[in-house]
Structure formats: C-alpha cells, structure tokens
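Student: Below is the structure I would like to discuss, written out as structure tokens.
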Amino acid sequence: MATRSAYDDGPVDRDSLRIERDVMNMLPFLEYLVDLPDVSRSVLYRQQFIDLLDEYASSRRSSPQFSNWWSWIADRDEGSRIVSYRLHEMGMVDGDGSPAAPFAWIFSAIHRTIQARGKGLVLKAPLRYHEAINYDVVMFTKYAFSNLTKRQPYYISKIEQELRFRLPNYIDSDSYIASLVQQMERHPELEISTDRQGLVFFRLRSNVHVKPPLPYTTAAAEYLNEALNCLQRDEAYPISHIIDKVRSSRLEGCAQDAYIARVIERLQRDGRLQFHEGPTFERSYFTFLRRDGGPSLLTTPAPGPPGIMAAPNMPHPGEAAIEKLTAAALKSLEKVQFFAAPYIRGEAKKMLPVNWTVDDFFAYITDGMQADLRLQYSESRTGQGQYSLASSVTVEEAAAKLTRRTLQLASIGLSLPLANIYSQAYGVAPPNWILDDYVQAILGHMCQNPVVMYNPTERCVARNPAVPVAAPVEATPASGGLKDRLPKKALSVKLAIADFSALALDLLQFVPIFAVSFLHEETKKCLPPQWTHEAYIHRVVQGMKQNPLLRLEQDEKGRAYFCRAADADTTPTHAPPTKDDEPPQKRAKKALPAITPAMAWTEPRPVAFPSDVVPRAMDLETDDTKLQAHRKALVDAGTPPSDVMDDARRQYLPPRAIPLDLVAMD
C-alpha cells in the first residue's frame with residue numbers, strides 16, 4: 001500500500017484515485033537518445049534503460065517536470081515501463097527489455113519524429129492523490145520563485161486558474177488546492193500575505209532575500225577565472241561545474257539553457273581555452289589551447305536551411321562592438337540612471353575596423369543597442385541621446401525591436417538565436433507574464449511579418465529566404481499588429497469567444513500554441529461589469545473549445561494552451577448563443593423506466609441444422625429422412641442410382657387414405 005503524505009488529511013480512499021500529469025516531453029528525450037553513442041548496443045535490458053533515465057534526469061536537457069517526477073518515484077522499474085510503453089506505442093523500440101526479448105531501437109522512426117517535430121509528444125503518467133500534490137507543490141513553488149526573483153508577487157488565484165482546467169471532475173478542487181497551498185506555505189522562504197484588494201499571494205519572508213542571477217557577462221568572467229585556476233592543477237575543466245551551479249539557481253528551465261549557452265559561448269571566445277565536445281553535452285570540457293597547430297576537436301555544425309547561418313567563431317566587428325558596449329552600458333546603469341550616447345561614438349572611433357567610416361560604424365552600433373530589450377533609448381532636454389534600463393516591455397514593443405535586430409543580423413548573413421531572446425526577455429517581462437509565454441507571444445507577433453521566420457531546427461529567427469531581397473522591409477506588419485486586434489472595451493461572452501477564436505487561428509499560422517495565460521491577461525480589458533473575471537474567462541475558454549479548428553492541450557509544465565486541430569474541418573461551427581450570454585441551465589436527466597421480462601422463457605428444443613463443412617445428423621425423424629437414409633445405404637452398397645430411385649419408390653408406401661364418411665360429424 002502506498003505511503004500516505006503527511007499533509008493529506010482527506011479520507012483514506014483518496015489513495016485509490018488517479019490523477020494524470022504530464023511528466024515528460026518526449027521530443028528532448030529523443031534528441032538526447034540520438035546524441036548518445038551506441039544506444040542500440042549499450043541499452044538492451046531493463047536495468048540499463050533505468051540507468052539511462054537516471055542520467056537523463058540529471059542532465060541539462062531534462063525538463064523540470066521529468067526531473068521532479070523521477071526524483072521521488074518509488075518504483076523506478078514501474079516508471080521505466082511507462083516510458084518504454086510510450087516508446088512502443090510510437091514505434092521506436094521493440095522488445096520489453098527482458099533477457100528473452102531485449103530492446104531493439106528503431107532509429108529511423110526516431111529521426112522521422114524529430115524532423116516532424118509534431119505536437120502531442122507528451123508522456124502522461126497516472127499519479128496517486130498525494131503523489132499529484134507532491135508533484136504540483138514542486139512545480140508551483142518553482143513558478144512562485146520565478147516571479148519573486150523578478151520582484152513580482154505570486155497570487156494564489158494563478159494556481160486556482162491553472163488547476164481548474166487540469167483536475168478531473170471526480171476530484172474536489174477546493175480541497176486539493178487548499179492542501180497544495182498549505183504545503184507550499186511550509187517552505188522556509190515563502191509566506192502568505194494579502195494585498196489592499198483582499199487578494200492572497202505568496203511573498204518572500206521578511207528575513208529572506210532571493211538574489212537574481214548574475215548577468216551572464218559577469219558570470220562568464222567568474223567562470224573564466226575558475227577555469228584558468230582549475231587548469232593550472234588539472235588537465236581539463238568540465239562544464240558540469242557551470243551546469244550544476246546554474247541548475248541550482250531560481251532560473252526556469254528554458255532560461256537555464258539560454259544562460260548556460262551564453263556563458264559557454266563567452267568562454268569559447270577566450271583565446272586561451274579550447275572547447276572539446278564529449279559523448280554528451282554535460283561531459284564536454286575546456287583545456288588550454290594547444291600551440292602546436294594540431295587539429296581542433298571542435299565538430300563542425302551541420303549546415304542549416306538557406307538564408308540561416310550560425311554565428312561564426314570570429315564575430316563580426318560590428319557585432320563585437322555591440323556586445324562590448326551593451327555590456328558596458330548595463331554595468332554602468334547599475335550605478336547611474338543614464339548612459340550617454342556620445343560615449344559610444346568615442347568608443348566606436350577607437351574600435352573602427354578597416355573599410356568602415358565612423359558614421360556608418362556608429363549607426364550600426366546604435367541600431368543594435370536600441371534593439372536590445374534591456375535598454376531604453378531616449379533624448380535628454382538638450383537633445384542628447386541616452387540609454388536607461390527598461391523595466392517592462394510590452395509584447396508589441398519587444399517584437400518590433402527584435403524584428404529590426406533580426407533584419408540587421410540578416411544583412412551580414414546571421415540569425416537571431418532563441419537563447420539571445422530569452423536572455424534579453426528575462427527581467428523585462430510585464431507583470432503576471434511567465435517567461436516562456438512572454439517569449440512565445442513575441443515570436444508569434446514577429447512571425448506575422450512575412451519578412452522574418454522562425455526555424456525550430458536551429459532555434460533561431462532569421463530573414464525569410466522566400467521573400468525577395470528587393471521587397472520593402474517593415475518592422476511591423478502592414479495589416480496592423482497584435483495590439484490592434486486586442487479588445488479595448490467590454491465584450492459579451494459571445495463576441496469575446498468569436499474575437500479570441502479568430503485571433504488564435506490567425507496566430508496559430510505562425511506559432512505552434514496559443515496560451516490560455518494570454519487570455520487571462522487580455523480578458524481583463526474587455527470584462528463586462530456584471531461578470532467576475534474567473535467566470536468570464538471560464539466561459540470564454542469553454543466556448544473556444546467548441547470550435548472544431550481549436551484543441552485545448554497542456555504543455556510539459558501543465559499549463560493550458562490552444563493548438564490547431566489536425567483533423568478539423570475548414571468551416572468553423574459555433575455553439576448557438578444563449579440568452580443574454582448567461583450559463584445555460586442544465587437539463588434534468590430523465591430516469592429510464594425499469595425493464596421487466598414480460599414472457600416466461602422455456603428451454604428450446606435442440607434442432608441440428610445442416611452445415612456446409614461437416615454434415616450432421618438431424619435429430620427429427622420423418623418419412624423424408626427415412627427415405628434419404630435408405631437411398632444413402634443403397635448407394636454405399638454399390639446399387640446404381642437409377643435402381644436406387646426405383647427401389648426407393650417401391651419401398652415407399654403412401655399413407656392409407658381414411659374415408660371421409662368415417663370422420664364425418666353428425
């Protein structure tokens with residue numbers, strides 16, 4: 001019997017309930033399998049597969065959901081069978097891992113799935129009641145610290161809104177949420193408070209202060225000194241030191257990847273170090289650069305699609321100047337309020353490359369710095385340009401800036417990495433925005449412009465090679481951006497469903513998902529006075545679910561989103577609106593009448609029917625059956641068929657006729 005949780009105060013039969021949770025995104029795991037050497041020979045049996053999952057859970061490429069689930073699961077063998085059964089369903093492995101039937105990996109199917117990069121590759125696992133609470137406590141605590149690190153309170157209403165869509169109908173959501181919040185409150189760094197409007201939220205305890213992570217430029221300098229000191233004693237500096245420190249920070253999963261990538265990229269540019277790739281990314285390491293001119297161990301990356309190029313080892317002179325001066329501006333703005341633009345022009349003269357004029361070089365640097373989300377450009381009273389730190393950047397402003405930056409990089413044959421967008425977006429997202437949703441909304445707004453495109457394989461934004469170079473370039477779409485499509489006044493439920501459904505279908509042409517958290521923020525602007533926000537957004541989401549072109553799903557973090565239905569018709573149909581947009585009354589279910597047998601059943605008489613395969617003797621004996629049996633006996637004895645018929649006629653005695661006068665009734 002499962003061990004009950006200390007905080008599960010509900011009835012005992014709760015342990016018999018099962019709640020599904022998305023515990024693993026299969027696509028990163030498949031990419032991890034492809035990068036490993038000799039999986040087909042080293043992972044053949046169940047215990048080897050469990051060891052593989054242990055390594056994946058501790059790697060940088062594992063999602064927080066899988067690491068959370070795999071860390072407290074009691075039966076690793078049961079968990080590995082859930083994963084292997086999902087791989088069997090996807091046609092990627094044969095066998096069950098036993099000595100009689102070892103695993104046989106089908107890498108052709110794995111490569112096809114990775115190239116298709118389809119949605120719905122999420123592993124769902126049934127969890128017991130207290131296990132589901134354990135799982136949600138860990139995940140929502142991470143979300144809380146993500147907000148608190150950015151000096152934003154984390155309201156309990158966000159937890160309620162997330163779980164209302166995720167809990168099954170047979171679970172008491174109020175009791176479940178109360179147990180979850182009670183367990184989160186036991187965290188030594190969190191406490192519950194109430195704002196002036198009476199809303200309850202989590203905040204840091206008065207004696208605790210969670211520091212935001214260091215800027216990656218400062219962190220790279222510290223890791224560089226650590227690597228140089230380590231290489232004085234050892235032959236190699238493993239990057240696992242960097243990964244372990246970043247994973248223990250308050251950064252979210254995707255932000256961790258971007259942060260690690262930027263730090264390692266800075267270390268690779270140092271002329272004293274040489275990067276060596278290991279069997280997996282976590283086993284890579286740095287050494288001192290060899291001066292004997294020997295071949296480098298760096299592998300050459302695979303070429304990307306036309307028009308999308310990865311950043312070279314030697315940076316563009318303009319890009320190197322932008323990176324250096326942006327870092328200097330950010331460091332200076334930690335102490336002062338403004339960073340003067342004339343200083344940039346003076347530094348541009350010192351770094352002026354060959355075949356560049358001062359004005360062109362300064363203009364290139366200015367365009368790159370003004371497109372950075374962390375900096376805000378303005379003019380002083382004297383008309384002098386200056387930069388300040390950006391506190392909150394809307395999705396529209398961020399998309400416009402990053403579109404200009406993408407086009408600037410495309411002019412020199414480069415692209416804008418997704419890691420760069422994450423590093424800039426961290427800390428400037430508006431309140432109540434999660435970092436992943438904020439970046440997804442920016443990408444969706446950028447891709448409305450046909451000049452740019454997102455490449456999911458290279459994880460970057462670049463100029464669309466299908467658009468001619470001579471075509472006019474605009475930073476925002478000519479047809480109006482996302483800001484013009486959002487409602488600005490109160491809307492009824494019917495109109496809100498129609499507007500947001502149309503907006504979701506338009507955005508899903510460019511991005512894979514349409515987050516429900518985006519609806520949660522935007523529906524506040526069109527909320528009618530007679531509705532509460534929770535009831536209003538619930539009706540809107542339920543109405544959008546009726547559209548056959550949309551499908552409501554959950555990502556690996558358990559957050560609800562809409563995606564385009566694969567098997568939907570091209571003509572949308574909507575449910576008929578109810579009167580005054582009020583929730584429809586539930587129809588009472590009519591009780592079915594009791595059905596009682598109206599006739600007495602008797603045992604039927606056995607009757608054998610002729611069969612086409614094996615002849616069976618009939619149970620009923622009549623004159624015809626006697627005649628047929630007599631004919632068969634004569635044929636078996638060798639009598640000709642004609643004689644059989646004649647003899648049968650002679651043997652056949654018709655029944656004697658009874659005179660009618662004998663049976664006449666007086």
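The values are calculated or read from the model by the stated rules, or taken from the named source; none is laboratory data. Worth saying up front: this structure is predicted, and the values here are computed from it rather than measured. Cβ placement follows ideal geometry from the backbone for every residue including glycine, while neighbour counts extend to all protein chains displayed.
Student: With 441, 410 as the choices, which residue is outside the structural domain of residue 517 (by TED's automatic domain parsing) and either surrounded by fewer than 20 Cβ atoms within 10 Å (Cβ to Cβ) or within 20 Å of residue 515 (Cα to Cα) (or both)? Reasoning before the result, please.
Tutor: Details: 410 fails: either surrounded by fewer than 20 Cβ atoms within 10 Å (Cβ to Cβ) or within 20 Å of residue 515 (Cα to Cα) (or both).
Only one candidate qualifies: 441.
Student: Same structure again: Hey, can you tell me all the residues within segment 143-194 that are part of a helix (DSSP H, G or I) and either among the polar types (S, T, N, Q) or farther than 27 Å from residue 128 by Cα (or both)?
Tutor: Applying the first criterion (part of a helix (DSSP H, G or I)) to segment 143-194 yields 143-149, 156-164, 173-185.
146, 147, 148, 149, 157, 161, 173, 175, 179, 182, 183 - these are the residues of segment 143-194 that are part of a helix (DSSP H, G or I) and either among the polar types (S, T, N, Q) or farther than 27 Å from residue 128 by Cα (or both).
Student: Determine whether residue 376 is assigned by TED's automatic domain parsing to the domain that holds residue 320, modelled with pLDDT of 85 or more and within 30 Å of residue 465 (Cα to Cα). Steps first, please.
Tutor: Working: assigned by TED's automatic domain parsing to the domain that holds residue 320: yes; modelled with pLDDT of 85 or more: yes; within 30 Å of residue 465 (Cα to Cα): no.
No, not satisfied.
Student: Show me the helices (runs of 4 or more DSSP H) entirely contained within segment 1-115 in which 2 or more residues are among the basic types (Lys, Arg) and modelled with pLDDT of 85 or more. Show your work before the answer.
Tutor: Details: elements: 26-35, 39-42, 46-57, 64-72, 76-89.
Qualifying helices (runs of 4 or more DSSP H): 76-89.
Student: I've got another one for you. Of all residues in segment 407-426 being part of a loop (DSSP other than H, G, I, E, B) and in contact with a Leu (Cβ under 9 Å, 6 or more places away or on another chain), which is nearest to residue 450 (Cα to Cα)?
Tutor: Filtering segment 407-426 for residues part of a loop (DSSP other than H, G, I, E, B) gives 411-415, 426.
Narrowing further to those that are in contact with a Leu (Cβ under 9 Å, 6 or more places away or on another chain): 415, 426.
Working: 415: 16, 426: 26 Å.
Looking at residues that are part of a loop (DSSP other than H, G, I, E, B) and in contact with a Leu (Cβ under 9 Å, 6 or more places away or on another chain), I get 415.
Student: Looking at residue 429, is it surrounded by 23 or more Cβ atoms within 10 Å (Cβ to Cβ) and either assigned to a loop (DSSP other than H, G, I, E, B) or of a type in the set (Lys, Arg) (or both)? First the steps, then the outcome.
Tutor: Numbers: surrounded by 23 or more Cβ atoms within 10 Å (Cβ to Cβ): yes; either assigned to a loop (DSSP other than H, G, I, E, B) or of a type in the set (Lys, Arg) (or both): yes.
Yes; evaluated as a whole, the condition is true for this residue.
Student: Can you spot a residue in segment 125-143 that is more than 26 Å from the chain's Cα centre (by Cα), modelled with pLDDT under 85 and of a type outside the set (A, V, I, L, M)? If you could, list the steps in order and put the result at the bottom.
Tutor: Let us first name the residues in segment 125-143 that are more than 26 Å from the chain's Cα centre (by Cα), namely none.
So far as segment 125-143 goes, no, none of its residues is more than 26 Å from the chain's Cα centre (by Cα), modelled with pLDDT under 85 and of a type outside the set (A, V, I, L, M).
Student: Moving on. If a residue has to be modelled with pLDDT under 80 and not in a loop (DSSP other than H, G, I, E, B) to count, how many in segment 195-219 make the cut?
Tutor: Total satisfying the criteria: 5.
Student: Related question: Please enumerate the residues belonging to segment 379-403 that are more than 17 Å from residue 446 (Cβ to Cβ) and either outside the structural domain of residue 325 (by TED's automatic domain parsing) or surrounded by 16 or more Cβ atoms within 10 Å (Cβ to Cβ) (or both).
Tutor: First pass over segment 379-403, keeping only residues more than 17 Å from residue 446 (Cβ to Cβ): 379-392.
Passing the criteria: 385, 386, 387, 389, 390.
Student: Ok, one more. In segment 314-337, how many residues are touching a strand residue (DSSP E or B) at 6+ places or on another chain (Cβ under 6 Å) and modelled with pLDDT of 85 or more?
Tutor: Summing the residues that are touching a strand residue (DSSP E or B) at 6+ places or on another chain (Cβ under 6 Å) and modelled with pLDDT of 85 or more in segment 314-337 gives 1.
Student: Can you name the residue in segment 166-190 that is touching a helix residue (DSSP H, G or I) at 6+ places or on another chain (Cβ under 7 Å) and surrounded by fewer than 16 Cβ atoms within 10 Å (Cβ to Cβ) and is also nearest to residue 561 (Cα to Cα) among such residues?
Tutor: Only one residue fits best here, namely 173.
Student: Further question: Within the set of pairs 6 or more residues apart or between chains, which connect a residue that is farther than 12 Å from residue 92 by Cβ inside segment 27-45 to a residue that is surrounded by 14 or more Cβ atoms within 10 Å (Cβ to Cβ) and of a type in the set (Lys, Arg) with Cβ atoms less than 8 Å apart?
Tutor: Hits for this filter: 28/61; 31/61; 32/61.
Student: Sort out which residues of segment 353-370 are surrounded by fewer than 16 Cβ atoms within 10 Å (Cβ to Cβ) and of a type in the set (A, V, I, L, M), and write them in order of number.
Tutor: 354, 358, 363
Student: Among the residues of segment 376-402, which ones are more than 25 Å from the chain's Cα centre (by Cα), of a type in the set (S, T, N, Q) and more than 20 Å from residue 336 (Cβ to Cβ)?
Tutor: Passing the criteria: only 392.
Student: Is it the case that residue 374 is over 20 Å from residue 414 (Cα atoms), in contact (Cβ under 8 Å) with a residue 40 or more places away in the chain and of a type in the set (Lys, Arg)? Even if it seems obvious, please write down each step before you answer.
Tutor: Numbers: over 20 Å from residue 414 (Cα atoms): yes; in contact (Cβ under 8 Å) with a residue 40 or more places away in the chain: yes; of a type in the set (Lys, Arg): yes.
Here the answer is yes, as residue 374 does meet what is asked.
Student: When the residues of segment 502-515 are narrowed to those that are closer than 20 Å to residue 162 by Cα and touching a helix residue (DSSP H, G or I) at 6+ places or on another chain (Cβ under 6 Å), which ends up surrounded by the fewest Cβ atoms within 10 Å (Cβ to Cβ)?
Tutor: 515
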